[in-house]
Amino acid sequence: MNGTPELVLGGRRRLSAPLDLAARLRALGLWKVVLLGAGALGLWATIVRYTQGLGAATHLSDSFPWGLWIGFDLLVGVGLAAGGFVVAATVHIFRLEKYEPIARPAVLTAFLGYLLVIVALLYDLGRPWNIWHPLVMWNPHSVMFEVAWCVMLYTSVLALEFSPLVFEKLGWHRPLSWLRAAFVPLVIAGVLLSTLHQSSLGTLYVIVPGKLHGLWYTPLLPVFFFLSAVAAGLAMTMVESCLSFRAFGKRIETELLQGMARVVVVVLSVLTVWKAIDLLTRGNLGLVFRITPESAMFWGEMALGAVLPAVLFAMPRVRASERGLFFAAVLTVLGFILGRLNVAITGMVASSGVHYVPSWMEFAVSLLLVALGFAAFAAAVRWLPVFHSAGEHPEPAQAPAAARPLLTRPMLVFFWGFLAIGAGLLWAASVRGTPPTEPAGSGGAAAIVSGDRREPRLPPEFTFPTGADSPGPVTFRHEVHVALVGESAICATCHATAWSLRASGAPQDGAATYDRIHAGDLCANCHNGSAAFAMDDCALCHAQ
Amino acid sequence: MNAAILTDLTRCQGCEACVWACKEINGLPREDGAKRLSATTWTAIERIGDVPVRRQCMHCLEPACVSVCPVGALQKTSQGPVVYDESRCMGCRYCMLACPFGMPKYEWSELVPGVRKCGMCFDRAVSHGEQPACTAACPYGATQFGERDALVAEARRRIAENPGRYVDKVYGERDAGGTSVLYLSSVPFEQLGFPSALNGDPYPRLTWEILSKLPNVVGVAAVALFGIHWITRRREDVARAEGTRDENRTGAQS
């Protein structure tokens, strides 16, 4: 049944043919150019990151410690890989075996996705060589600890779920039969681990009620993160099925995509309604209708990225068309990306008091990782039985260019518009960061304090030890000095750099020697003839 | 001992003795001044209008940073200070995100960066019975070290004796679940940049309420998934035995 030409429709190309962009780019090798460009920039950013530190490579700061690498590489990366566990559960637990053909690509995507997330963490962690510490240094109260364990375990599960492809390729039958025996418990473990950490990525933000904008902050964040990941994971599997089945010359079974589309409709609808109810009960629904960069981003996420694709997927006409399915799936994925970035960046900017726009190096590294993902996927498809079991013979590849293009010009315009508006709003939101609240008029506060000047508790007078040829001991009196320097006298005048605050008569460093003092250091910082009398008359200081 | 610090902003003259004493005892570089907290300035005198406001880690009773740290690099000691063990840290910076006061700072330009904040001189003074450098250095008695209960009582006494002088609040008594660093002020705290909307519950409770439910969720879900698998499998076996597998499966899929 595979390989029948009805979807190719080469002869039905209209005169106003939709731009066959994919084919043209492939002919030009443009994607390779893009991949190489991303690789070069990403490599440069990598060198800067590891030779000059996070500060040089990113626009992160004390006020904005988590940026694009957490928002996109971690949150989006993990979420888009959710297709792996959803499809695995569908095929192996619910035993809807017609979905078998997409199980392997979905597991491959997830496996690569998680590997890339770990690579991304090696960039973002300040001390990446300590990434294994959660294995032995436990803090069960930490959401991050739980996420770390789940991600480690689930990546191992994915490696095992993926390994049959390698074993088949190598013809190792014994490990294959072991795996087959353990496969269901493995899949169940994968589903549990995924459920835990997909939701826990949302829980990470439950501890910042004062920082995350009211449009996104809710104790239900873990539920919303889980639901949106299920929808986006399925949508991502659809997108990638459309693209890769096409690129690798396999015919996609529209029936499978339609089944997934129905599930996405349900999940997105539940998500949207639940979010609306949550905003209402928390009294934040008004924020949705106030015109702010945050609300614009929220509308982008929910209206364009959740409601619109749900409506499209619900229409039989859209579900009947491969293009329609592809378009709505891409929308779902874009909406998901926007949603995660909204939590990680848009919603955190206003409270941070700073502007955060990722540096080009943060973008370059993210792009590099995406490019690596595509390259690894293509390599895996080439070398491993991803789209067929090793027993089957791969069907002869159709010329991909002959297939009806998925991307039409209006679709492209729409996507680029979506991205441009999204980027613009993200920028607008991030530069809007409000400075820390200035006090309302300094006058009132000043009046209260200045009417209340207290006398300082000053240390007792101190006599410096005398050397052998000293004309007499020197005694230092704080009272005299503070009184003479007057209103401007603050401890820092002398104690910021010259004198210790912890030991009487001791400098910050070294000893108070005659040479130092008379050479312009310590006492002579002021006793230089301009700020205070010069040290030309011994009797002024030395008692005789 | 439950060590704490009470800073009475009405007594503070902004002389910066605490700041420079802190830098001295901790061996911190002096170049970046005394006005703003940073990885090398662990207490600072910020001027809000004309009011000098001393900033430092609040040493929460149930700190968000301690609860979020995946490797236990941050700990609340039984004596009160919240301390940081650099050797455990992997640099995820979740502490910085989670702290409601924004106290942990990062060494962004270091190749082996660490989180930096006030540790209440735990190693250098408090653990062997001395007071921190900042309170020892204050010539105005504006910032004092002592037992938390005694300091709260002292703060309440000052407010009661001088109601015109203070706003009626000991900041940190209950904020963020209570902190070991307490403040008195004549100016409303929200005007001085103190987060005012912290509810009385400690922050770690927000996430623990969710985390503590997970074992139950996992247990129930695991049983449910095995159950579903068993049922679907069994149904297939039965269908196969009856020789009507194909029909049955089409039925199950719709």
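Is it true that some residue in the stretch A:47-54 is away from chain B (no Cβ under 14 Å) and either not aliphatic (A, V, I, L, M) or not in a loop (DSSP other than H, G, I, E, B) (or both)?
No; the residues of the stretch A:47-54 include none that is away from chain B (no Cβ under 14 Å) and either not aliphatic (A, V, I, L, M) or not in a loop (DSSP other than H, G, I, E, B) (or both).
So residue A:181 passes all but one of these: (1) modelled with pLDDT of 95 or more; (2) open to solvent by 10 Å² or more (accessible area, probe 1.4 Å); (3) not polar (S, T, N, Q). Which condition number does it fail?
(1)
Residue check, residue A:155 against (1) assigned to a helix (DSSP H, G or I); (2) more than 23 Å from the chain's Cα centre (by Cα), all met but one. Which one?
Evaluating residue A:155 over (1) assigned to a helix (DSSP H, G or I); (2) more than 23 Å from the chain's Cα centre (by Cα) leaves (2) as the failure.
Does residue A:338 satisfy being more than 24 Å from the chain's Cα centre (by Cα) and either more than 28 Å from residue A:36 (Cβ to Cβ) or open to solvent by less than 40 Å² (accessible area, probe 1.4 Å) (or both)? Steps first, please.
Numbers: more than 24 Å from the chain's Cα centre (by Cα): no; either more than 28 Å from residue A:36 (Cβ to Cβ) or open to solvent by less than 40 Å² (accessible area, probe 1.4 Å) (or both): yes.
Spelling it out, it is not the case that residue A:338 is more than 24 Å from the chain's Cα centre (by Cα) and either more than 28 Å from residue A:36 (Cβ to Cβ) or open to solvent by less than 40 Å² (accessible area, probe 1.4 Å) (or both).
Would you be able to tell me the number of residues in the stretch B:123-170 that are within 14 Å of another protein chain (Cβ to nearest Cβ) and either at positive phi or in contact (Cβ under 8 Å) with a residue 12 or more places away in the chain (or both)? Before you say what the answer is, go through the steps one by one.
First pass over the stretch B:123-170, keeping only residues within 14 Å of another protein chain (Cβ to nearest Cβ): B:124-125, B:130-144, B:158, B:162-167.
Still in the list and also either at positive phi or in contact (Cβ under 8 Å) with a residue 12 or more places away in the chain (or both): B:124-125, B:131-144, B:158, B:165-167.
Count: 20.
Output yes when any residue across the stretch B:74-81 is more than 21 Å from residue B:151 (Cα to Cα) and either modelled with pLDDT of 95 or more or more than 7 Å from chain A (Cβ to nearest Cβ) (or both), and no when none is.
yes
Just checking, which of A:44, A:69 is at pLDDT 90 or above, part of a helix (DSSP H, G or I) and open to solvent by less than 50 Å² (accessible area, probe 1.4 Å)?
One residue alone meets the criteria, A:69.
As an exercise: evaluate residue A:298 against (1) under 23 Å from residue A:102 (Cβ atoms); (2) aromatic (Phe, Trp, Tyr); (3) touching a residue at least 60 places away in the same chain (Cβ under 8 Å) and give the number of the one condition it does not meet.
Unmet for residue A:298, out of (1) under 23 Å from residue A:102 (Cβ atoms); (2) aromatic (Phe, Trp, Tyr); (3) touching a residue at least 60 places away in the same chain (Cβ under 8 Å): (1).
Can you report the number of residues in the stretch B:50-73 which are within 18 Å of residue B:189 (Cα to Cα), open to solvent by less than 30 Å² (accessible area, probe 1.4 Å) and either aliphatic (A, V, I, L, M) or within 11 Å of chain A (Cβ to nearest Cβ) (or both)?
Final tally of qualifying residues: 4.
With the requirement that a residue be touching a strand residue (DSSP E or B) at 6+ places or on another chain (Cβ under 6 Å) and either in a strand (DSSP E or B) or without any contact (Cβ under 8 Å) to a residue 40 or more places away in the chain (or both), what does the stretch B:171-193 give you?
B:171, B:179, B:181, B:182, B:183, B:184, B:189
Does residue B:131 satisfy the condition of being open to solvent by 30 Å² or more (accessible area, probe 1.4 Å), assigned to a loop (DSSP other than H, G, I, E, B) and under 25 Å from residue A:490 (Cβ atoms)?
Yes; evaluated as a whole, the condition is true for this residue.
Scan the stretch B:198-219 for residues that are of a type in the set (Val, Ile, Thr), surrounded by fewer than 18 Cβ atoms within 10 Å (Cβ to Cβ) and either within 19 Å of residue B:95 (Cβ to Cβ) or facing chain A (nearest Cβ under 7 Å) (or both) and jot them down.
The answer is B:218, and nothing else.
Considering only the stretch A:477-501, how many residues are at pLDDT below 85 and in a loop (DSSP other than H, G, I, E, B)?
Final tally of qualifying residues: 5.
What's the number of the only condition in (1) in contact (Cβ under 8 Å) with a residue 24 or more places away in the chain; (2) closer than 25 Å to residue B:98 by Cβ; (3) small (Gly, Ala, Ser) that residue A:283 fails to meet?
(1)
The values are calculated or read from the model by the stated rules, or taken from the named source; none is laboratory data. Note that the coordinates shown come from a computational prediction; the quantities given were computed from them, not determined experimentally. Note that we place each Cβ from the backbone using ideal geometry, even for glycine, and neighbour counts take in every protein chain shown. Areas reflect the complete protein model, heavy atoms only, side chains present, ligands, DNA and RNA absent. Shrake-Rupley method; radii C 1.70, N 1.55, O 1.52, S 1.80 Å.
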